[in-house]
1. For the range 43-136, please list each of the strands (runs of 3 or more DSSP E) lying entirely inside it that holds at least 2 residues being closer than 20 Å to Gly206 by Cα, without any contact (Cβ under 8 Å) to a residue 24 or more places away in the chain and within 12 Å of the ligand (Cβ to nearest atom).
2. Which of the residues belonging to the range 166-183 are crowded, with 16+ Cβ neighbours inside 10 Å and modelled with pLDDT of 95 or more?
3. Only one of these is surrounded by fewer than 21 Cβ atoms within 10 Å (Cβ to Cβ), among the basic types (Lys, Arg) and more than 27 Å from Arg256 (Cα to Cα): Arg27, Arg114. Name it.
4. In the range 236-282, what residues are within 19 Å of Ala73 (Cβ to Cβ) and part of a helix (DSSP H, G or I)?
5. Filter the range 171-188 down to the residues that are touching a residue at least 40 places away in the same chain (Cβ under 8 Å) and in a helix (DSSP H, G or I), then identify the one that is nearest to the ligand (Cβ to nearest atom).
6. Inspect all residues belonging to the range 220-231 and state whether any of them is assigned to a helix (DSSP H, G or I) and within 17 Å of Thr52 (Cα to Cα).
7. If we scan the range 189-201, do we find a residue that is small (Gly, Ala, Ser), under 19 Å from the mean Cα position of the chain (by Cα) and assigned to a helix (DSSP H, G or I)?
8. Restricting to the range 155-165, what's the tally of residues that are crowded, with 18+ Cβ neighbours inside 10 Å and either of a type in the set (Phe, Trp, Tyr) or more than 25 Å from Gly119 (Cα to Cα) (or both)?
Amino acid sequence: MSDPTYTPPKIWTFDEENGGKFANINRPDSGARFEKDLPQGKHPFQLYSLATPNGVKVTVMFEELLAKGFKDAEYDAYLVNIMEGDQFGSGFVAANPNSKIPALIDTTTNPPTRVFESGAILLYLAEKFDAFLPKDAAGRTETLNWLFWQMGSAPFLGGGFGHFYNYAPEKYEYPINRYAMEVKRQLDVLDKQLAENQFIAGDDYGIADMAIWPWYGTLVNGTLYGAAEFLQVHEYKNLVRWTEEVGSREAVKRGRLVNRNWGEDIEQCPERHSASDLDGRV
Ligand SMILES: N[C@@H](CCC(=O)N[C@@H](CS)C(=O)NCC(=O)O)C(=O)O
């Protein structure tokens, strides 16, 4: 497996054995693998997701909107078990042709609107409710700078560092070094930004914080990949301060539990159809 003399063949071919932990779901093609409609509840928004960092961004946004008093932000959240391949059912693929959680259907439009990619979902909801996104051009642009920074940067943290440090079948020095360096560089970018600003995009908490916290906040608080010591995250003092401040928000605590089907019983809320589904868990 870790043959240092490996020479790529002239043409790459698919070998299921090379998929590691994700061998049963990864394939080099896209599209539906089986027929299955998505369930649908009674609320305006239907979310199909899982409590991974990309999923949590959206459930935190919904909980923040509800906490702010937007009653029309009620949502049904259904569990998509990506390790069992739920994302390849025909209904899910119709909602997101990229077969990745989170996927959202806004049933208040005619026809219903599908929204996929967590950053697009945050922006869609922020615009729809006119919340968590500054109205002035400069503030809005700065928020979008950081929202898109997250979308471009987190794959190096997740698909790069997290994959090789945590999931790969063996530890390989070259990729772990490469991605640890890049992730530390990213942590330094955030730390410097947070030295000058209370929140990521300035004085106000918003969708940039919601996008970045589930990845970088959980890395810093030690709940992502168990890599806090390896990356010496305590050195990023401003990032630690922000991680604690954002993590202590009630809506963040609630959002983290939605579509979660692991951990202690009290931390699990695989489906959410009403606020009371989370009561007593936070
Ligand atoms: N850029 C996408 C990434 C979504 C993503 O990678 N989702 C993962 C879980 S965190 C997934 O659904 N993986 C299933 C698969 O790759 O088959 C977003 O932000 O929405």
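The values are calculated or read from the model by the stated rules, or taken from the named source; none is laboratory data. If you're wondering where the values come from, they're calculated on a predicted model, not measured in any experiment. Glycine also receives a Cβ, built like all others from the backbone with ideal geometry; neighbour counts cover every protein chain displayed.
1. 113-116
2. If the condition is that a residue be crowded, with 16+ Cβ neighbours inside 10 Å and modelled with pLDDT of 95 or more, then Ile176, Tyr179, Ala180, Val183 are the ones that fit.
3. Only one candidate passes the filter, namely Arg27.
4. Glu250, Ala251, Val252, Lys253, Arg254, Gly255, Arg256, Leu257, Ala275, Ser276, Asp277
5. Taking the candidates together, the pick is Val183.
6. There is at least one residue in the range 220-231 that is assigned to a helix (DSSP H, G or I) and within 17 Å of Thr52 (Cα to Cα).
7. Taking every residue of the range 189-201 in turn, none turns out to be small (Gly, Ala, Ser), under 19 Å from the mean Cα position of the chain (by Cα) and assigned to a helix (DSSP H, G or I).
8. Looking only at that region, the number is 3.
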